[in-house]
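These notes concern the structure reproduced below.
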Amino acid sequence: MSLILAPGTAWNDVLARVTAAAPEAFVAGRLRNLYAGGWRDSGTPAELRTPVDGSVIAQVCRVDAGTAAGAVSAAMRAHHDWAVVPLAERRARVRAAVEALAVHRDLLALTLMWEIGKPWRLARADVDRALDGVRWYAEQIDRQVAGREPLPGPVSNIASWNYPMSVLVHAELVQLLAGNAVIAKTPSQGGAVCLTLAHALMARAGLPVTLLSGSGEELSEVLVRDPAIGAVAFVGGRSNGGKVAAALLDSDKRHFIEQEGLNAWGVWEFSQWELLAGHLRKGFEYGKQRCTAYPRFVVQRELVDAFLDVYLPVVKSVRFGHPLAVERPGDPLPELDFGPLISAAKAAELRRKVDEAIRGGAVPLHRGRPEAGRFLDGQDIEAYVGPTALLAPPGRSRLMHAEPFGPVDTIIVVDTVEELLSAMNASNGALVASLAVDDEELAAKLAQDVQAYKVGINKPRSRGDREETFGGRGASWKGAFVGGDLLVHAVTVGAPEERLYGNFPDYTSFPPTP
């Protein structure tokens with residue numbers, strides 16, 4: 001049966017609802033920038049395309065460095081005013097913003113489906129995690145800021161496109177609770193409409209928020225190095241993260257820079273295959289386009305056959321396609337593991353990496369064809385990549401040492417514990433890792449030598465919510481760690497002799513393991 005677009009979910013319908021909810025943020029179909037206390041139609045128009053079907057969905061106005069510098073100056077003035085607002089009032093305004101966002105929860109989720117291709121369940125989860133997390137901080141904030149002061153200037157947030165709500169908006173609202181004005185740059189590849197609606201609701205609640213669109217290359221100098229900036233929060237890849245870190249070398253500016261790492265799952269002396277199967281399926285959510293995805297499996301040679309008996313049926317059953325395509329009107333939105341990659345260019349790049357690895361000697365265990373997904377007739381599917389599994393990628397392959405950020409797994413076969421740890425640590429640090437080992441005492445011992453901030457024993461690890469901290473080891477993280485109380489500590493000033501937990505040029509300090 002041919003599929004149709006679910007009634008009421010066409011992009012024009014979604015955009016009309018967003019514009020009606022926040023008319024001040026749009027002009028003639030373009031997204032405005034928010035700075036100096038108002039929405040402004042400034043900058044050079046640029047098209048936004050959806051990865052879902054390749055169509056143009058809106059225009060943003062990209063501001064230049066001069067405009068951004070003026071916005072930072074205005075944010076600094078707002079920061080000084082906000083820092084002296086009593087905590088009770090700050091909390092009341094943040095809570096009002098959260099409840100306004102909750103009213104538009106499903107609309108925010110629909111924008112994420114179109115802008116970055118998230119399936120319905122995952123799009124709503126992104127919104128819910130942001131709101132639930134901030135509600136938790138609103139209950140904890142008195143304790144968290146006791147004896148601490150806001151930063152000397154606003155927090156500059158430069159985040160990737162994959163989690164606009166649960167990472168970016170969540171962080172901003174906590175930073176606001178702690179007494180800081182905030183500046184956010186819309187990701188270049190997706191999420192601008194969602195963030196525009198969210199920031200319109202935040203601004204209506206009386207929060208000092210700035211939202212700018214523009215080239216990261218042009219705006220980085222201002223949003224990172226401007227003396228008025230009190231802290232820089234960056235989430236993204238190692239290349240851009242490295243540039244941000246380099247720009248801060250001659251500065252004592254507070255920062256937390258989350259970068260990618262090749263998160264690995266090691267399998268050694270293990271037999272609980274049904275348990276692992278459930279984790280494998282969940283691992284394909286959002287096409288592994290997240291910083292805590294597991295694209296690398298390191299498997300003891302004697303267990304390879306048993307591992308593949310479990311793994312291959314899972315990878316072959318993964319469901320992907322157009323996140324809004326249904327068989328008939330009234331059907332629920334499809335239950336998919338993932339939709340498109342963020343762009344056709346990213347999909348083409350990932351396909352080239354796979355081809356390169358195979359030419360170099362990798363064994364293709366499974367290659368899902370894009371046309372096997374659920375699509376509308378005649379739909380552009382250039383941004384879609386089917387689930388792929390490669391055995392033994394060559395050492396020179398880009399997939400051997402770097403995160404693919406897509407639905408591609410690599411499997412490495414090892415004979416010794418030393419080889420296991422070496423293969424798991426191939427990217428010089430990671431955010432998360434896991435070990436599938438029957439003997440948990442042995443697993444705990446091995447975990448000590450895995451270079452990841454969080455190591456799961458027979459379970460995956462994630463960024464975490466509420467009180468759970470988050471960071472990275474090695475090249476995967478620079479600056480202060482975040483999550484739980486550490487997120488508030490990272491954006492406030494304590495005693496003069498305070499040493500924050502984090503990964504800094506002159507020291508690394510990890511919080512106690514619970």
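Residue-wise test of (1) of a type in the set (Ser, Thr, Tyr); (2) under 22 Å from PHE256 (Cα atoms).
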residue	(1), (2)
ASN180	no, yes
ILE183	no, yes
THR186	yes, yes
LEU195	no, yes
LEU201	no, no
ALA205	no, no
LEU211	no, yes
GLY216	no, yes
LEU223	no, yes
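Among the criteria (1) out of contact with any Ser or Thr (no Cβ under 9 Å at 6 or more places or on another chain); (2) assigned to a loop (DSSP other than H, G, I, E, B); (3) open to solvent by less than 20 Å² (accessible area, probe 1.4 Å), the one MET202 does not fulfil is (2).
Select, from ARG290, ARG296, ARG254, the only residue that is under 23 Å from ASP465 (Cα atoms) and in contact with a helix residue (DSSP H, G or I) (Cβ under 9 Å, 6 or more places away or on another chain).
Working: ARG290 fails: in contact with a helix residue (DSSP H, G or I) (Cβ under 9 Å, 6 or more places away or on another chain); ARG296 fails: under 23 Å from ASP465 (Cα atoms).
Result: ARG254 is the single residue among ARG290, ARG296, ARG254 that is under 23 Å from ASP465 (Cα atoms) and in contact with a helix residue (DSSP H, G or I) (Cβ under 9 Å, 6 or more places away or on another chain).
Checked across the range 500-507, the condition of being open to solvent by 60 Å² or more (accessible area, probe 1.4 Å), in contact with a Leu (Cβ under 7 Å, 6 or more places away or on another chain), at pLDDT 95 or above and in a loop (DSSP other than H, G, I, E, B) holds for at least one residue.
Going through the range 362-392 one residue at a time, which ones are at pLDDT below 95 and open to solvent by less than 40 Å² (accessible area, probe 1.4 Å)? Scanning the range 362-392 gives GLY368, PRO370, GLY373.
Under the condition of being part of a helix (DSSP H, G or I) and aliphatic (A, V, I, L, M), which residue from the range 227-248 is modelled with the highest pLDDT? Steps first, please.
Narrowing the range 227-248 to residues part of a helix (DSSP H, G or I): 238-247.
Next, only the ones that are aliphatic (A, V, I, L, M) stay: 244-247.
Numbers: VAL244: 82, ALA245: 78, ALA246: 77, ALA247: 79.
Among them, the one singled out is VAL244.
Residues that are farther than 26 Å from PRO187 by Cα and open to solvent by 70 Å² or more (accessible area, probe 1.4 Å) within the range 325-354 comprise GLU327, ARG328, PRO329, GLY330, PRO332, GLU335, listed in sequence order. If you go through the range 140-162 and keep only what is under 18 Å from VAL182 (Cα atoms) and open to solvent by 50 Å² or more (accessible area, probe 1.4 Å), you end up with GLU149, PRO152.
Starting from the range 43-67, keep only residues that are within 21 Å of VAL222 (Cβ to Cβ), then list their pairs with residues that are assigned to a strand (DSSP E or B) and β-branched (Val, Ile, Thr) whose Cβ atoms are within a distance under 6 Å, requiring at least 6 positions of separation or different chains. Between residues of the range 43-67 that are within 21 Å of VAL222 (Cβ to Cβ) and residues that are assigned to a strand (DSSP E or B) and β-branched (Val, Ile, Thr), the close pairs are ALA46/VAL60; ARG62/THR44. Has the range 1-16 got at least one residue that is modelled with pLDDT under 95 and farther than 23 Å from ASN180 by Cα? There is at least one residue in the range 1-16 that is modelled with pLDDT under 95 and farther than 23 Å from ASN180 by Cα. Condition check for PRO313 on (1) over 26 Å from the mean Cα position of the chain (by Cα); (2) assigned to a loop (DSSP other than H, G, I, E, B): one failure, at (2). Number of residues in the range 281-295 that are open to solvent by 20 Å² or more (accessible area, probe 1.4 Å) and among the hydrophobic types (A, V, I, L, M, F, W, C) equals 1. Among residues of the range 327-352 that are within 18 Å of SER160 (Cα to Cα) and at pLDDT 95 or above, those with a Cβ under 6 angstrom from a residue that is open to solvent by 80 Å² or more (accessible area, probe 1.4 Å) and of a type in the set (Asp, Glu), sequence gap 6+ or separate chain, pair up as ALA344/GLU382.
Restrict the check to the range 293-307 and report whether at least one residue is in a strand (DSSP E or B), out of contact with any His (no Cβ under 7 Å at 6 or more places or on another chain), aromatic (Phe, Trp, Tyr) and under 27 Å from ASP126 (Cα atoms). Yes. Among the residues of the range 223-264, those identified as in contact with a strand residue (DSSP E or B) (Cβ under 7 Å, 6 or more places away or on another chain) and more than 20 Å from THR186 (Cα to Cα) are LEU248, LYS253, ARG254, GLY261, LEU262, ASN263, ALA264. Given the conditions (1) touching a residue at least 40 places away in the same chain (Cβ under 8 Å); (2) open to solvent by less than 20 Å² (accessible area, probe 1.4 Å); (3) not in a helix (DSSP H, G or I), report the number of the one that LEU219 does not fulfil. Evaluating LEU219 over (1) touching a residue at least 40 places away in the same chain (Cβ under 8 Å); (2) open to solvent by less than 20 Å² (accessible area, probe 1.4 Å); (3) not in a helix (DSSP H, G or I) leaves (3) as the failure. Can you confirm whether GLU115 is free of Cβ contacts under 8 Å to residues at least 40 places away in the same chain, open to solvent by less than 30 Å² (accessible area, probe 1.4 Å) and charged (D, E, K, R)? In short, no. With respect to the conditions (1) crowded, with 17+ Cβ neighbours inside 10 Å; (2) more than 14 Å from ASP409 (Cα to Cα); (3) touching a residue at least 60 places away in the same chain (Cβ under 8 Å), LEU303 falls short on a single one, namely (3). Residues that are in contact with a Ser or Thr (Cβ under 6 Å, 6 or more places away or on another chain), open to solvent by less than 10 Å² (accessible area, probe 1.4 Å) and under 16 Å from ASN503 (Cβ atoms) do not occur anywhere in the range 462-472.
The values are calculated or read from the model by the stated rules, or taken from the named source; none is laboratory data. As the structure is a prediction and not an experimental result, all values here were calculated from the model. All Cβ positions, glycine included, derive from the backbone under ideal geometry; neighbour counts span all protein chains shown. What goes into the accessible areas is simple: the full protein's heavy atoms, side chains included, and nothing from ligands, DNA or RNA. Shrake-Rupley method; radii C 1.70, N 1.55, O 1.52, S 1.80 Å.
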